[in-house]
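Take a look at the structure below.
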Amino acid sequence: MDSEPNILDALRRGDVRLPPFLFELAGIEPAAASPRRLLRPDAYVDGRWSERTIRFAAELRAQATPKVFRDAIEQLREYAAAREMRPLLVTTYLAPDRLAELEAKGVSGVDLCGNGVVVIPGEVLVFRTGNPNKYPAGRIIRNVYQGASSLVARVFLLRPSFGSVQEVRDEVAKCGGSVSLGTVSKVLKVLEDDLVIRRDGRATELIQPDELLDRLAKAFRPPSVTARKKYQWTGDRSPWSRVFGQNARRLRESGERLVKTGASSVDEYAIALRERMQSYYCTAIEAIEQPLKDELRESSHFPDLELIETRDPTVYFDTQPATQVPAASPVQAWLELQAGDKRQSEAAKIIRQRILSELQTERRLG
């Protein structure tokens, strides 16, 4: 049930209900010779309640993404003014916040899951929610705010506007990521539907940075880890950074990756207490252990160092120069810290503000 024709079929069968209302298809207006889309609803729907019938000008939408939802409401208001009918949105699923927005704007809406709101000012208000979504969005990319796909979303926090899809892909590559043009196009479509970016022809522009950060945080999951080891440092304390830094340079030359975790990068972006144990992401633990074997002893008792083996592309994206070993990007550091304890979440607030402030500076300079 993922298209407007299927919703029409449900209306014809009388399968769209919001007790005490039953909704039925009343008709579809033929397209005019010179169609004006804003003045022609998708359908006319009768809402039957007891002995009364109310005719609605209806918009049918397969999915109520933020952009689709906003556009549908604007069109329904046009219909209400032009046809003197009550406006009605019919879709597959309406979340509670969508229903509340419809009620606030005086627009009725009903879904195929049994949720809905009917607003007839001065006469009736029906509001029902709580039924689960039986028609989840069938996006090819399940969540553009996670994994490799999220690199496309994250790059807008570094540069808020682009002239083309190719420019977006090039910027991702410049920051150490790798995505196909097809993936970039699909992610941009979702970001536009979510009202995170605005598209004008080939150009794209970030319009809701706070919303983008919130969606990244909601979708955040720790990277997939293949191995994890903790060590005590047995060599002299003073040459720690020198020895580890030399190893980092050798790793870069061999194609392996080494970077501080977001939590261990906090002192690059905010004033915070530094943990005794420093943690690092790497693509191969053995490649780190081997040259440092005389200075390391594996131990989980008061460890000084933790190595986390992962090939998750998000942790190696937009790494920042730091003493000896690169630091995680500000976005990665913020994501890890905002999901941590109270002390870490306080540091995350500082980093978030820094991200937004630098983005504003980038807009002014751009």
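Here are the numbers:
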item	result
Residue among VAL152, VAL144 that alone is closer than 23 Å to SER3 by Cα, buried (at least 18 other Cβ atoms within 10 Å of the Cβ) and out of contact with any Gly (no Cβ under 8 Å at 6 or more places or on another chain)	VAL144
Of the criteria (1) part of a strand (DSSP E or B); (2) of a type outside the set (Asp, Glu); (3) more than 25 Å from GLU74 (Cβ to Cβ), which one VAL117 fails	(3)
Residue in region 310-322 that is modelled with pLDDT under 95, more than 30 Å from the chain's Cα centre (by Cα) and of a type outside the set (Asp, Glu) present	no
Residues satisfying the stated conditions in region 14-42, i.e. modelled with pLDDT under 90 and not in a loop (DSSP other than H, G, I, E, B)	GLY27, ARG37, LEU38, LEU39
Some residue of region 121-139 being farther than 30 Å from PHE23 by Cα and either under 19 Å from the mean Cα position of the chain (by Cα) or hydrophobic (A, V, I, L, M, F, W, C) (or both)	no
When residues of region 330-345 are limited to those that are under 23 Å from the mean Cα position of the chain (by Cα) and free of Cβ contacts under 8 Å to residues at least 24 places away in the same chain, the one surrounded by the most Cβ atoms within 10 Å (Cβ to Cβ)	SER345
Wholly enclosed strands (runs of 3 or more DSSP E) of region 233-341 bearing at least 3 residues closer than 30 Å to ILE355 by Cβ	258-260, 278-282, 305-309
Among residues of region 74-100, those that are among the hydrophobic types (A, V, I, L, M, F, W, C), crowded, with 21+ Cβ neighbours inside 10 Å and part of a helix (DSSP H, G or I), counted	1
Close pairs from region 307-323: first more than 22 Å from TYR145 (Cβ to Cβ), partner of a type in the set (S, T, N, Q) and in a loop (DSSP other than H, G, I, E, B), Cβ under 6 Å, at least 6 apart	GLU309/THR226
Subset of region 173-200 (residues that are assigned to a loop (DSSP other than H, G, I, E, B) and under 23 Å from ARG98 (Cα atoms))	ASP194, LEU195, VAL196
Evaluation of GLN166 against (1) surrounded by 22 or more Cβ atoms within 10 Å (Cβ to Cβ); (2) in a helix (DSSP H, G or I) (one fails), failing number	(1)
Residue pairs meeting the criteria (Cβ under 6 Å; at least 6 apart or on separate chains; first touching a residue at least 40 places away in the same chain (Cβ under 8 Å), in region 192-205; second in a strand (DSSP E or B) and of a type outside the set (Val, Ile, Thr))	GLU192/ARG199; ILE197/LEU206; THR204/PHE162; GLU205/SER161; GLU205/ARG198
Evaluation of VAL118 against (1) surrounded by fewer than 16 Cβ atoms within 10 Å (Cβ to Cβ); (2) in contact (Cβ under 8 Å) with a residue 12 or more places away in the chain (one fails), failing number	(1)
Residue that is farthest from ASN143 (Cα to Cα) [pool: residues in region 207-224 that are among the aliphatic types (A, V, I, L, M) and in contact (Cβ under 8 Å) with a residue 60 or more places away in the chain]	LEU213
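The values are calculated or read from the model by the stated rules, or taken from the named source; none is laboratory data. On a predicted model such as this, the values are computed, not experimentally measured, just so you know. A quick note on method: Cβ atoms are made from the backbone with ideal geometry, for glycine too, and the neighbour counts reach across all protein chains shown.
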